[in-house]
Amino acid sequence: MELADGESFHLRPGPVIKQLSGTTVRMLGYNGSVPGPTLKVRQGTEVVVHVTNGTEIDTTVHWHGLRLNNMYDGVPYETQVPIPVDGSFTYRLQFPDPGLYWYHPHIREDYTQEMGLYGSILVEPTDPDYWPPAHRDVVLTLDDVLIEDGAVAPFSRTQTTFSAMGRFGNVLLVAGEPDLALTASAGEVVRLWLTNTANTRVFNVTLPGARMKLVGGDSGRVEREEFVSQVLIAPSERAIVDVLFDGPGNWPWSTAPPTAPTGWRRSP
Ligand SMILES: [Cu+2]
């Protein structure tokens, strides 16, 4: 979703029905999708987001990594009162820095984020030479979800399920899909904008056979670009990599955790 300076839009977290590898599961999504809409804005602009809580528990929206007015940071009881069920809150977002950011609730992330409440924010630089040239942008979230007996495994109603932010999953979701396949032309440089939206899993992204260059991370571009064979991304971290597909073929994704003994193996 492209938003111009001063524009406003509505974001509604609520239940969604999702197909995961032939199974129908109940999840949560922003505006009916997992991930929620990718927001594309220009550096230096400001937008207004009206949030209405369509979930069954209190929520807030935290704008991860954005430097904005503290009262819109989405931290319950610190910067705002929680948005009750069916309640609303209006956020005013500023984008002083180019790069990749994301949004998610700041209440019971072990449940709400695991269930699918997350989305990416792409802030385009005002300087046209900020990034090296690439042919195409692809914004992807990396996540895992724990499926048991054909449903997302249950959560405790009264306390965080597992320590800190949550648990490991057994189904890998790239852009919310368990079997995402993308195509590229030979010779094309595709810029992958990756955010780890998993609760606890660290991803180790490799694309054996393709050439990968790390160009950015949490705070925009890296100081020095480098060719890499793998990119480690911890929960909430972002990585921006340029991938050159220099001939025909298939490139299997691997997001094996860094605990893989040698080389790489398929995950989940
Ligand atoms: Cu965050």
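Things to note:
- In the chain, helices alone account for a calculated mean residue ellipticity at 222 nm of 0 deg cm²/dmol, with every DSSP H run of four or more residues adding -39,500 (n - 2.57).
- Thr158, Thr206, reordered so the largest accessible area comes first (probe 1.4 Å): Thr158, Thr206
- Percent antiparallel among DSSP beta bridges (both partners in the chain, rounded to 5): 75 percent
- Of Glu56, Glu114, Glu237, the one that fluctuates the most in a GNM where the chain has Cα springs shorter than 10 Å: Glu56
- Among Leu93, Leu232, the order of accessible area from largest down is Leu232, Leu93, computed with a 1.4 Å probe on protein heavy atoms.
- The apolar share of the surface of the chain, taken as the fraction of accessible area on carbon and sulfur atoms (1.4 Å probe, ligands and nucleic acids excluded), comes to 50 percent.
- Ratio of Rg to Rh over the range 8-124 (Cα coordinates, Kirkwood Rh, two decimals): 0.97
- Value of Rg to Rh for the chain (Rh from inverse mean 1/r over Cα pairs, i.e. Kirkwood): 0.96
- Per-residue SASA remark: Met71, around 100 Å² accessible (1.4 Å probe; ligands, DNA and RNA not included).
- Computed accessible area, His135, all protein chains, 1.4 angstrom probe, square angstrom: 130 Å²
The values are calculated or read from the model by the stated rules, or taken from the named source; none is laboratory data. Just so it is clear, the structure is predicted and the values come from calculations on it, not from any experiment. The accessibility values were calculated without ligands, DNA or RNA, using every heavy atom of the protein model including side chains. Shrake-Rupley method; radii C 1.70, N 1.55, O 1.52, S 1.80 Å.
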